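K.L.:
Please find one structure pasted underneath; my questions will follow.
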């Protein structure tokens, strides 16, 4: 099957594929080595059984795993481990168990049914623990912030997805962010279904994902239970227990402190992998391999030694957490020693944004690449970078989300009353001008402009702060799924159109009503059918570009009805009022239409534009452009936001997967959100 048949254009394939370094290819080779592949396959077959025939759409599931889950997982692992993956290539034959894992990794202990089972073998794949008979696919991953919980979850997800692809029609492992669970009355099952449709598309009418849950082939991998806050975490834990009692396999990832504070255990999960604080020997060995003098400084500095001691809140010392040890090794300066976590993170950010580091990264890049900005001089000022990232972090924290999608930036993200008022006024004026132009060309320029401007101002001021909802109906592709959905939608809409046409025929004439109904059914069927495709965020701001494409396609398809609408409102009433028979009415209409056709063509275009603007995605495009203008004019975010975010990825402050961005670590997000504006 070609890429076009799969419903993905060439640029999407290029963006979805991860360009691996040699060390990373070694990691993948290790994962796919014979012994490990046998282990993965045996675990999949033992837990999920032999492939069986079912009503599950396995073709769709395979596309989702191949084109979304696996590339996203490997890209996130690459961005998270970064330089460490290059170090892993050293001594690969001697330390195969470390490939695909950080060289500075917490020891893992295991609890089964609340009883300690000792340390896990560091060379053992996590899927082996997941597949133990006494755990049987119900696993909890616990650790402190920065200990590597999410990395462990991603590694397990990579192994599970590889196994699912090697053993088709067995299981569908999918990652979810529990931070998006916002309705306390919503069950975990309903939330999973909602997230699958929102994140991956698909046919709701066919109950695509409900079947996955009904037949228990979906394997939810849930990250971020701790990000819900204390009260909501308690409620969510209760919901998870209710779900897990009925569902056979589940993985949950959470910070150990927040999990303990919630005081409600996930009793339905059989085992827990706990990431332990680093030992002195691990820290010393790592710092020596990095040729960092930090360990000798720690031994002689009482201030730094306190960072090895547990905190008053019961957290392990800062320098016993892998993330902060790696940061400390990279940024330590004897002239400006850090003493707290905020100081350490601030020094890391300052170093990444310093002119010296930016120029050094360009000089020592391992391979030629297209930088977000051609020269360091064109890169944004460090103050602007910090200001924009702090604003983004505050909005993510406020909305309990972790991913940045440019098209999902909302008017509610404006933080000042003046900015909100400015945005509403601009939206109202633009709406007024657009509607005024359309009404003016249909009903007369002066009167239409005045009427449209008034309506647009009222409409814009009233709904200007509503959420921006991109319309992504038209993703022109011809995959088997899309063709099938188009035919289904055409059949349903044509039946509806004929029914409406018959009713309209009783009023306006049978032939006229049927023609209008058929045109409406055809357009509705195409719109409904083209909504079905796998949602791939392969480029930034894709939702708005899809909305613009939808606006143009809807306008084109609705144009025949626009001509009929203008003709019906201007020419038909006088003809019908003459009281002639239906046949004479049709002949009069056709005669009038033939002679006056040019008169209706131009107004028909603007009638179609009106429909496309209101229902086809034009409104979302206008709202988004106005919002971006206000953010730029207020100094909150640069106009070329995608270019800026790509620059932050280069500075290792953000990571990018397709068209989605997230902070390199949750600790970095919280730091930016709580930092004073520069």
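K.L.:
Based on this model, can you work out whether residue 274 counts as under 22 Å from residue 151 (Cβ atoms), in contact with a strand residue (DSSP E or B) (Cβ under 6 Å, 6 or more places away or on another chain) and surrounded by fewer than 22 Cβ atoms within 10 Å (Cβ to Cβ)?
P.N.:
Values: under 22 Å from residue 151 (Cβ atoms): yes; in contact with a strand residue (DSSP E or B) (Cβ under 6 Å, 6 or more places away or on another chain): yes; surrounded by fewer than 22 Cβ atoms within 10 Å (Cβ to Cβ): yes.
Against the criterion (under 22 Å from residue 151 (Cβ atoms), in contact with a strand residue (DSSP E or B) (Cβ under 6 Å, 6 or more places away or on another chain) and surrounded by fewer than 22 Cβ atoms within 10 Å (Cβ to Cβ)), residue 274 qualifies.
K.L.:
Just give me the residues in the stretch 360-382 being within 23 Å of residue 331 (Cα to Cα) and either surrounded by fewer than 12 Cβ atoms within 10 Å (Cβ to Cβ) or modelled with pLDDT under 90 (or both), in sequence order.
P.N.:
Just the residues of the stretch 360-382 that are within 23 Å of residue 331 (Cα to Cα), to begin with: 360-366, 376, 379-382.
Of everything in the stretch 360-382, those that are within 23 Å of residue 331 (Cα to Cα) and either surrounded by fewer than 12 Cβ atoms within 10 Å (Cβ to Cβ) or modelled with pLDDT under 90 (or both) turn out to be 360, 361, 362, 363, 364, 365, 366, 376, 381.
K.L.:
To continue, here is another question. Can you tell me how many residues within the stretch 25-37 are assigned to a helix (DSSP H, G or I) and either at pLDDT below 65 or more than 12 Å from residue 125 (Cα to Cα) (or both)?
P.N.:
Of the residues in that region, 8 qualify.
K.L.:
Could I ask something else about it? Could you please give the count of residues in the stretch 244-290 that are under 11 Å from residue 138 (Cβ atoms) and modelled with pLDDT of 90 or more?
P.N.:
In the first step, residues of the stretch 244-290 are kept if they are under 11 Å from residue 138 (Cβ atoms); the result is 244-245, 247-252, 266-272.
Now drop any that are not modelled with pLDDT of 90 or more, which leaves 244-245, 247-252, 269-272.
Of the residues in the stretch 244-290, 12 are under 11 Å from residue 138 (Cβ atoms) and modelled with pLDDT of 90 or more.
K.L.:
Name every residue in the stretch 622-659 that is surrounded by fewer than 18 Cβ atoms within 10 Å (Cβ to Cβ) and modelled with pLDDT under 90, in order of residue number.
P.N.:
625
K.L.:
Out of (1) at pLDDT below 55; (2) surrounded by fewer than 20 Cβ atoms within 10 Å (Cβ to Cβ); (3) assigned to a loop (DSSP other than H, G, I, E, B), the odd one out for residue 6 is which?
P.N.:
Condition not satisfied by residue 6: (2).
K.L.:
Mind listing whichever residues of the stretch 345-357 are buried (at least 19 other Cβ atoms within 10 Å of the Cβ) and touching a helix residue (DSSP H, G or I) at 6+ places or on another chain (Cβ under 6 Å)? Steps first, please.
P.N.:
Looking only at the stretch 345-357, we keep the residues that are buried (at least 19 other Cβ atoms within 10 Å of the Cβ), and these are 345, 347-349, 352-353.
Of everything in the stretch 345-357, those that are buried (at least 19 other Cβ atoms within 10 Å of the Cβ) and touching a helix residue (DSSP H, G or I) at 6+ places or on another chain (Cβ under 6 Å) turn out to be 345, 347, 348, 353.
K.L.:
Please count how many residues of the stretch 150-207 are within 30 Å of residue 275 (Cα to Cα) and part of a strand (DSSP E or B).
P.N.:
Qualifying residue count, the stretch 150-207: 6.
K.L.:
Return yes when residue 385 is under 30 Å from the mean Cα position of the chain (by Cα) and crowded, with 20+ Cβ neighbours inside 10 Å and no when it is not. Quick ask: steps written out before the conclusion?
P.N.:
On the way: under 30 Å from the mean Cα position of the chain (by Cα): yes; crowded, with 20+ Cβ neighbours inside 10 Å: yes.
Yes.
The values are calculated or read from the model by the stated rules, or taken from the named source; none is laboratory data. These numbers come from a predicted model, not from an experiment. Backbone-built Cβ (ideal geometry, glycine too); neighbour counts: all protein chains shown.
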